[in-house]
Amino acid sequence: MSKIIAFTNQKGGVGKTTSTANIGAGLARAGYKVLLVDLDPQVNLTHGLGLIGAEFNVYGALLQEYPIKAYPVQENLGLVAGAPALSSFEKVKGDEVDREFLLKDLLEPLQEKCDFILLDCPPALGLITLNAYACADTLYIPLEAQMYATDGLEKVLEMVTRVKRRLNPALTVGGIFFTRFDPRKVLRRETAEIIRDKYPDLVLKHTIRETITLGEAPHLSQDIFRYAPNSAGAADYEHLVQEILTR
Ligand SMILES: Nc1ncnc2c1ncn2[C@@H]1O[C@H](COP(=O)(O)OP(=O)(O)OP(=O)(O)O)[C@@H](O)[C@H]1O
Ligand SMILES: [Mg+2]
């Protein structure tokens, strides 16, 4: 049975997609069978892995137009493509009974085939994200250590409390980790310390530094381990993968 992990934060641009792609690649390199699912209408994960104009995507599968299809990315790593049409999901499925469990039903047959399913959530707490929370075992929350960072975090944590009560009692928050971290900036360091003090059990030990290579890799359809194996980004994501595996 696979473990389903969702990367989520209502705040945009905090590193959800970068983390899904690189943690997925790190787990695959460690020998785990991994499936990535792009749940964001922005389709950044899909495009960043070099899949353009995919014929089959998660939206069509959620609408039962065809069975779910995973495209191979590299050894041990597959991708269920996203689609811009995901933005209509709420409008199309909003009135349906069991609307929060459509993704869970869709992923069920794949659970036997992989060790991890990683969900890249959109920067919103709408029906798509609810579907992710309803089927996930664990959420990880990437966070930029800067002003207002905790606003998005608190909204996610409130939502988790509600989802646990109503939709998925087994849901856990695996942790919060800092992305785009620049230890030379005092304000960032101080903000990170404040968040660490406030959520001592949730903040992971390892952080992802701000590094240009992490932004470059998806432009060449590569993960950081392939694009720049000796970079700070590769080292940081490798440490994070190990920490996630031992939590
Ligand atoms: N550690 C990092 N160092 C430098 N650039 C980064 C880092 N992490 C992410 N980026 C860049 O920051 C931008 C936002 O990252 P990403 O797309 O992963 O965030 P996101 O949370 O998925 O955004 P959205 O909410 O829009 O889906 C991207 O251009 C990405 O390449
Ligand atoms: Mg994203």
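Details
- Condition broken by Thr18, with the remaining ones in (1) away from ligand 1 (no atom under 13 Å from the Cβ); (2) not in a loop (DSSP other than H, G, I, E, B) satisfied: (1)
- Within the stretch 222-233, the only residue that satisfies the criterion of being outside any helix (DSSP H, G or I) and within 16 Å of ligand 2 (Cβ to nearest atom) is Asp223.
- Sole exception among (1) more than 9 Å from ligand 1 (Cβ to nearest atom); (2) under 16 Å from Gly174 (Cβ atoms); (3) not hydrophobic (A, V, I, L, M, F, W, C) for Asp38, by number: (2)
- For the stretch 223-247, a residue qualifies if it is of a type in the set (S, T, N, Q) and surrounded by 19 or more Cβ atoms within 10 Å (Cβ to Cβ), and exactly one does: Ser231.
- Checklist (1) touching a Gly at 6+ places or on another chain (Cβ under 9 Å); (2) at pLDDT 95 or above; (3) among the charged types (D, E, K, R) applied to Glu216, failing item: (1)
- Summed over the stretch 66-88, the residues that are more than 16 Å from ligand 2 (Cβ to nearest atom) and in a helix (DSSP H, G or I) give a count of 2.
- Taking first residues from the stretch 52-63 that are under 17 Å from Leu110 (Cα atoms) and modelled with pLDDT of 95 or more and partners that are of a type in the set (Ser, Thr, Tyr) and assigned to a loop (DSSP other than H, G, I, E, B), the Cβ contacts under 9 Å between residues at least 6 apart in sequence or on separate chains come to Phe56/Tyr66; Gly60/Tyr66.
- Among the candidates Ala6, Ala25, Ala21, residue that is more than 9 Å from ligand 2 (Cβ to nearest atom), touching a residue at least 12 places away in the same chain (Cβ under 8 Å) and over 29 Å from Tyr148 (Cα atoms): Ala25
- Qualifying residues in the stretch 111-141 (those that are aliphatic (A, V, I, L, M) and either at pLDDT below 95 or more than 18 Å from Ile23 (Cβ to Cβ) (or both)) - the one farthest from ligand 1 (Cβ to nearest atom): Ala134
- Tally, over the stretch 129-164, of residues that are among the basic types (Lys, Arg) and in contact (Cβ under 8 Å) with a residue 60 or more places away in the chain: 1
- Taking the criterion of being within 14 Å of ligand 2 (Cβ to nearest atom), assigned to a helix (DSSP H, G or I) and not hydrophobic (A, V, I, L, M, F, W, C), the residues of the stretch 112-158 that qualify are Thr129, Gly152.
The values are calculated or read from the model by the stated rules, or taken from the named source; none is laboratory data. Everything numeric in this text was worked out from a predicted model, so none of it was measured. Here the Cβ is made from the backbone with ideal geometry for all residues, glycine too, and neighbour counts use every protein chain on show.
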